[in-house]
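The values are calculated or read from the model by the stated rules, or taken from the named source; none is laboratory data. In this text, all values refer to a predicted model and were calculated from it rather than measured experimentally. Note: ideal-geometry Cβ built from the backbone for every residue, glycine included; neighbour counts use all protein chains shown.
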């Protein structure tokens, strides 16, 4: 996650059901339940990111060999699973950066659901929570789609962005190079950046504006679906603002609905939050944020597991219906 002063978190909003707006029980086809995402698989990806960093100067930053090795690892997994992958290159600060896009064949390409997070880290450390955690959880969700041969109504595209830590460079390049027609085909973007913080909080981006920072039309639906997973497991969720810190920024600027989850960075957990979630009050959600100690030891397994399952739940739920079926997205 890009460095910037943390926004103040809003009060916890009421948890809501995951029924898609505009859909009814009689009009909508049955939605298959999302599979459980094996935490061991997600952690295996994190271990691979750690090994890559250790073999390449201790980091996976833009323009460094550790970043490209991380991208090649993710791409290899997706290629083997049957995804159509593409590498998009860009230049920043005299170095070549890369985005990785992976399309799951099928679904309505005029109504695409995108799921993404940044793959790069800072130069100071291996970047395992920030953002190996989001990258690994998205990767394992994509592989679960392939294992299930999931065939949703909407087209699915997964993305791993480069140079987020330098100012959302990769995701901005991607969005800025879409034509207006291509932008109109993206019905929603889900962003996952830091989902395993050791002193974890549980935050969802404020799509409905209940804390005063709502996203484009359609973002409230995304927030509802993400919150519904945590409601089902009795974990309270608080709002976090669309403050431009992560890769949803370029999407919401052009009116694409967005949402996502976050477990906290350098901000300190309050006493009330410690009562809600456990952990240590007065201590940063991630004491190793942007530091050398952001290693595989810097992960809260429970938070990573819950968020990985929430990502799968959102992908299965939000991709189920194409607008061509008459169900409003």
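Remarks
- In the stretch 111-136, the residues that are more than 21 Å from residue 257 (Cα to Cα) and either surrounded by 24 or more Cβ atoms within 10 Å (Cβ to Cβ) or within 15 Å of the chain's Cα centre (by Cα) (or both): 119, 120, 121, 126, 127, 128, 129, 130, 131, 132, 133, 136
- Single condition residue 299 does not satisfy, out of (1) modelled with pLDDT of 95 or more; (2) touching a strand residue (DSSP E or B) at 6+ places or on another chain (Cβ under 9 Å): (2)
- Test: residue 288 is surrounded by fewer than 17 Cβ atoms within 10 Å (Cβ to Cβ) and within 21 Å of residue 120 (Cα to Cα): no
- Members of the stretch 57-70 that are within 17 Å of residue 162 (Cα to Cα) and surrounded by fewer than 22 Cβ atoms within 10 Å (Cβ to Cβ): 63, 64, 65, 68, 69
- Test: residue in the stretch 251-259 that is within 17 Å of the chain's Cα centre (by Cα) and in a helix (DSSP H, G or I): yes
- The set of residues from the stretch 98-110 being surrounded by fewer than 21 Cβ atoms within 10 Å (Cβ to Cβ) and within 20 Å of residue 179 (Cα to Cα) comprises 101, 103, 108, 109, 110.
- Test: residue in the stretch 317-329 that is under 23 Å from residue 235 (Cβ atoms), surrounded by fewer than 24 Cβ atoms within 10 Å (Cβ to Cβ), at pLDDT 95 or above and within 22 Å of the chain's Cα centre (by Cα): no
- Selected residue [at pLDDT below 95 and surrounded by fewer than 19 Cβ atoms within 10 Å (Cβ to Cβ)] from 86, 81, 25, 44: 25
- For the stretch 142-167, the candidate set comprises residues that are in contact with a strand residue (DSSP E or B) (Cβ under 7 Å, 6 or more places away or on another chain) and assigned to a helix (DSSP H, G or I); within that set, the residue that is nearest to residue 47 (Cα to Cα) is 142.
- Residues in the stretch 186-242 that are part of a loop (DSSP other than H, G, I, E, B), free of Cβ contacts under 8 Å to residues at least 60 places away in the same chain and touching a helix residue (DSSP H, G or I) at 6+ places or on another chain (Cβ under 8 Å) were compared, and the one that is surrounded by the most Cβ atoms within 10 Å (Cβ to Cβ) is 207.
- Tally, over the stretch 243-254, of residues that are more than 12 Å from residue 207 (Cα to Cα), surrounded by fewer than 24 Cβ atoms within 10 Å (Cβ to Cβ) and at pLDDT 95 or above: 4
- For residue 273, the criteria (1) over 15 Å from the mean Cα position of the chain (by Cα); (2) assigned to a helix (DSSP H, G or I); (3) surrounded by fewer than 24 Cβ atoms within 10 Å (Cβ to Cβ); (4) in contact (Cβ under 8 Å) with a residue 24 or more places away in the chain hold in every case but one, which is (3).
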